[in-house]
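The values are calculated or read from the model by the stated rules, or taken from the named source; none is laboratory data. Everything quoted here is computed from the prediction, not taken from an experiment. For neighbour counting, all protein chains shown are included, and Cβ atoms are generated from backbone atoms with ideal geometry for every residue, glycine included. Only protein heavy atoms, including side chains, enter the accessible area calculation; ligands, DNA and RNA are left aside. Shrake-Rupley method; radii C 1.70, N 1.55, O 1.52, S 1.80 Å.
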Amino acid sequence: MPLLSTIIFLPLVGALSLMLIRGNEATVARNSRQVAFAISLLVFALSMCLWWFFEERPGFQFVENRAWIPFFQTRYHLGIDGISLFFVLLTTLLMPLCILSSWRSIENRVRKYMMAFLVLETFLIGMFCALDLVIFYIFFEAVLIPMVLLIGIWGGEHRIYACFKFFLYTLFGSVLMLVAIMVIYSHTWTTDLPTVIEMRLPFAVQAWVWWAFFIAFAVKIPMWPLHTWLPDAHVEAPTAGSVILAGVLLKMGGYGLLRFSLPLFPEASLYYAPFVIVLSLIAIVYTSLVALVQTDIKKLIAYSSVAHMGFVTLGIFTFNSQAVSGAVFQMLSHGIVSAALFLCVGVIYDRFHTREIKYYGGLVTRMPRYAFFFMLFTLASLGLPGTSGFVGEFLVIVGVFSVNMVAASIAATAMVLGASYGLWLYRRIIFGTLTTNLEPRAMLDLDWREIVVLGTLAVLVLLAGIHPQFLLKVINPAVQELLR
């Protein structure tokens, strides 16, 4: 059974099946939610089979390799290793949670909304499984289409501006990567990733092509100074759109660096590593300071995401196995924690229709369950020991410290800055007294659907923080093979 192809294209089949639903508007909306949720759960169950049958060894598994465009030596080549496995699982986990969280908040064009999420899931999983440069580029670029639709149709007041900014930034990087793929093909006459890696491009070619891939991935991460599209996209996106944007789309850049930039251009990656480390340190410190002065909850979390992803690029370009494993773990942890924080923002936005911090206060008295979950995810974002956020940042800092003590010391300041804006945000929203005109009757605590969504993520945050080895024992062999 071609398990990877089934997992990739099943959501697309589900999206097409939604077009067959007939009835009045209410019936179509109800059935679209139910079918989309059922399909996403089935995809998640199939992806868990990948983990169940996955062997803890280096190398690609569940490989599918067929001729696709023989004239250009392009193949339908799929496979996963210990790095890509968990990004597939992260995608398939967040999709049903996104659909469940949108059950009541999305009331118009529900069928199209669910179709956009299922199509997006197909493109994301396909990108994480692709082992051919052309296949990867198609999925990498196609992700842009449903994401732009989600922001542009169901977004906020300034959604069109955010859409164009997001589209232009990411398209610019992707066009450069397409040109780079053509250059690689002109030297190797193939686009098959393992084959190109074995051929080892000359350094003169690597030195230029590396930049095209790096810019494409740096926009997606996003790295400073290519990060300015992210706060606007987060603020205008619907809650589930922000969840998938922070939880999965930002990981496309870090994953691309690990899967393509390092193995394809090893000498160039080593040569430019000091430059990337400097950019990473600027991102960690600068965006943490910017987060301190934000008045919009979503913008604060968006800037903190840039700082956390700075740890990822810092760990990757240290070329230390501990730091690289920490970078992968940090991406997975941030995918869960940031998704949970944006869901928490969506909970109060659905009730009060504002994201301005100044309008909140004293929610702990009326929403104690919400206060508990928000506290857990805030502390995980700060890197509290016992949560997943601590493991990733600690591994990166320890790994970097063994190579560059100054860089590790600068990166560690982000933990202090993160505590400053994170605890200030929590104190301002949850404690204190409510001094504004928010409707008290709207302060309903979490319902069962919201508890299921946030509770699932809370279990994962604690499990990964208390027993990270169940992830690291799969990640480490793939990282050691990559560095070897």
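List the relative contact order of the chain as a percent without decimals, with contacts defined as Cα pairs under 8 Å and 6+ residues apart.
Details: 781 pairs, mean separation 73.5, N = 484.
Relative CO of the chain lands at 15 percent.
In the chain, what is the count of Lys pairs whose alpha carbons are under 23 Å apart, counting only pairs at least 8 residues apart or on separate chains?
For the chain, the number of qualifying lysine pairs is 13.
List every residue whose amide H lies under 5 Å from the amide H of residue 83, counting only residues 5 or more places away in sequence or on a different chain, with H placed 1.01 Å from N in the peptide plane.
Amide H to amide H, under 5 Å and 5 or more residues apart or across chains, residue 83 pairs with nothing.
Carbon and sulfur atoms: what percent of the 1.4 Å accessible area of the chain do they account for?
Answer for the chain is 68 percent, counting heavy atoms of protein chains only.
Do the sum for the chain: with -39,500 (n - 2.57) for every DSSP H run of n ≥ 4, divided by all residues, what is the mean residue ellipticity at 222 nm, to the nearest 500 deg cm²/dmol? Could you put the intermediate results ahead of the total?
Working: 20 runs with 347 residues, N = 484.
It lands at -24000 deg cm²/dmol.
Can you work out the Karplus-derived ³J(HN,Hα) for every residue in the range 248-255? Use 6.51 cos²θ - 1.76 cosθ + 1.60 with θ = phi - 60°, whole Hz, and x for glycine or proline.
Residue by residue, the range 248-255 yields 10, 4, 5, 7, 4, x, x, 5 Hz.
Taking the Cα centre of the range 101-189 as origin, work out the dipole magnitude from +1 charges on Lys and Arg Cβ and -1 charges on Asp and Glu Cβ, in debye rounded to 20. Could you put the intermediate results ahead of the total?
Numbers: 6 positive and 5 negative charges, 67 e Å.
Its charge dipole is roughly 320 debye.
Starting at the first residue of the range 162-167, write each ³J(HN,Hα) from the Karplus equation 6.51 cos²θ - 1.76 cosθ + 1.60 with θ = phi - 60°, in whole Hz, x for Gly and Pro.
Along the range 162-167, the couplings run 4, 4, 5, 5, 4, 5 Hz.
Pick out, from 3, 411, 444, the residue whose Cα sits farthest towards the positive end of the charge dipole of the chain, with +1 on the Cβ of Lys and Arg and -1 on the Cβ of Asp and Glu.
444
Sort 121, 56 by accessible area with a 1.4 Å probe, largest first. Could you put the intermediate results ahead of the total?
Values: 121 0, 56 110 Å².
Most to least solvent-accessible, the answer reads 56, 121.
Using modelled backbone amide H atoms (1.01 Å from N, in-plane), which distant-in-sequence or interchain residues come within less than 5 Å of residue 384's amide H?
It is 390, by chain and number.
Would you report the distance distribution of C-alpha pairs in the chain as whole percents per 10 angstrom bin, up to the bin with the largest distance?
Bin by bin from 0 Å, the calculated values are 4, 21, 32, 27, 12, 3, 0.
Could you size up the charge dipole of the chain around its Cα centre, putting +1 on the beta carbon of Lys and Arg and -1 on that of Asp and Glu, and report it in debye to the nearest 20?
On the way: 29 positive and 24 negative charges, 170 e Å.
The calculated dipole for the chain is roughly 820 debye.
Per-residue HN-Hα couplings for the range 113-122, Karplus 6.51 cos²θ - 1.76 cosθ + 1.60 at θ = phi - 60°, whole Hz, x for Gly and Pro?
4, 5, 5, 4, 5, 5, 5, 4, 5, 4
Determine the per residue accessible area of the chain with all protein chains present and a 1.4 angstrom probe, expressed in square angstrom. Walk me through the numbers on the way to the answer.
Values: 18560 Å² over 484 residues.
Here the residues of the chain average 38 Å² of exposed surface.
Pull up all non-local amide H partners of residue 132: gap of 5 or more, or a different chain, and H-to-H distance under 5 Å with H placed in the peptide plane.
77, 193
Taking the dipole about the Cα centre of the chain, with the C-beta of Lys and Arg at +1 and of Asp and Glu at -1, give me whichever of 92, 20, 309 is farthest to the positive side.
Sorting the options by dipole projection puts first 20.
About its Cα centre, how strong a charge dipole does the range 369-484 have in debye, to the nearest 20, once Lys and Arg get +1 and Asp and Glu get -1 at the Cβ?
Values: 7 positive and 6 negative charges, 18 e Å.
That gives the range 369-484 a dipole magnitude of about 80 debye.
Given the C-alpha centroids of the range 206-252 and the range 282-338, what is the distance between them in whole angstrom?
Taking the Cα centre of each part, the range 206-252 and the range 282-338 sit 12 Å apart.
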